[in-house]
Amino acid sequence: MKLIKNTGSDRVIDELRQTLAPPSSLDLASPAFSLFAFAELRDLLGKLDTCRVVLPATNGGELGLTGSDTDRAFRNRLQLRWLARECAAWIKKKVEMRGAPALLPQSILIAGKPDSDLVW
């Protein structure tokens with residue numbers, strides 16, 4: 001297990017880029033899901049063998065789909081509709097999605113080789 005501060009050279013996205021080499025799987029639970037984060041990892045996520053996601057059962061605004069105030073430059077690219085369609089297609093094709101009954105206190109990512117012995 002590795003704790004990532006997500007600042008400077010210790011960023012989640014850099015760790016995922018190193019770890020998600022095919023064949024690979026990703027399990028994640030998070031209180032938020034940004035379309036802009038999906039866009040940064042879209043190519044890697046499309047190559048995953050399996051992906052399991054747990055998100056709070058809330059409406060889209062509470063998930064942070066359009067990022068935060070610091071993501072204004074990404075929103076100004078006017079790609080949200082396209083990103084949403086790409087993300088929905090990826091979810092339909094590759095993701096087993098579950099809803100958590102309440103807000104999750106923090107995120108967890110488990111990346112590695114697919115393991116057929118694990119059952120949800």
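The values are calculated or read from the model by the stated rules, or taken from the named source; none is laboratory data. Keep in mind that what you see is a predicted model, and the values were worked out from it rather than measured. Cβ coordinates were reconstructed from backbone atoms using ideal geometry, including for glycine residues, and neighbour counts include every protein chain displayed.
Being modelled with pLDDT under 90 and either of a type in the set (Asp, Glu) or part of a strand (DSSP E or B) (or both) is the filter here; which residues of region 19-49 pass it? Glu40 - this is the single residue of region 19-49 that is modelled with pLDDT under 90 and either of a type in the set (Asp, Glu) or part of a strand (DSSP E or B) (or both). When you scan region 9-21, do you find a residue that is small (Gly, Ala, Ser) and either touching a strand residue (DSSP E or B) at 6+ places or on another chain (Cβ under 9 Å) or closer than 16 Å to Ile108 by Cα (or both), even just one? No, region 9-21 has no match at all. Tell me, please, whether a residue that is surrounded by 17 or more Cβ atoms within 10 Å (Cβ to Cβ), at pLDDT 80 or above and touching a helix residue (DSSP H, G or I) at 6+ places or on another chain (Cβ under 9 Å) can be found in region 1-15. Checking region 1-15: not a single residue is surrounded by 17 or more Cβ atoms within 10 Å (Cβ to Cβ), at pLDDT 80 or above and touching a helix residue (DSSP H, G or I) at 6+ places or on another chain (Cβ under 9 Å).
For Ala57, the test of being more than 14 Å from Glu96 (Cβ to Cβ), surrounded by fewer than 17 Cβ atoms within 10 Å (Cβ to Cβ), modelled with pLDDT under 90 and in contact with a Gly (Cβ under 9 Å, 6 or more places away or on another chain) is passed.
Among the criteria (1) touching a residue at least 60 places away in the same chain (Cβ under 8 Å); (2) within 13 Å of the chain's Cα centre (by Cα); (3) part of a loop (DSSP other than H, G, I, E, B), the one Gly67 does not fulfil is (1).
In this structure, Arg85 does not qualify as touching a residue at least 60 places away in the same chain (Cβ under 8 Å) and either part of a strand (DSSP E or B) or under 16 Å from the mean Cα position of the chain (by Cα) (or both).
Give the residue that is surrounded by the fewest Cβ atoms within 10 Å (Cβ to Cβ), with candidates limited to residues of region 18-32 that are of a type outside the set (Gly, Ala, Ser) and in contact (Cβ under 8 Å) with a residue 40 or more places away in the chain.
Start the filter on region 18-32 by keeping residues that are of a type outside the set (Gly, Ala, Ser), which leaves 18-20, 22-23, 26-28, 31.
Now narrow it down to the ones that are in contact (Cβ under 8 Å) with a residue 40 or more places away in the chain: 19-20, 23, 26-28, 31.
Details: Thr19: 14, Leu20: 19, Pro23: 11, Leu26: 23, Asp27: 18, Leu28: 17, Pro31: 17.
So, considering only residues that are of a type outside the set (Gly, Ala, Ser) and in contact (Cβ under 8 Å) with a residue 40 or more places away in the chain, the one surrounded by the fewest Cβ atoms within 10 Å (Cβ to Cβ) is Pro23.
Looking only at residues in region 33-54 that are in contact (Cβ under 8 Å) with a residue 60 or more places away in the chain and surrounded by 14 or more Cβ atoms within 10 Å (Cβ to Cβ), which one is nearest to the chain's Cα centre (by Cα)? Across region 33-54, the extreme among qualifying residues is Arg52.
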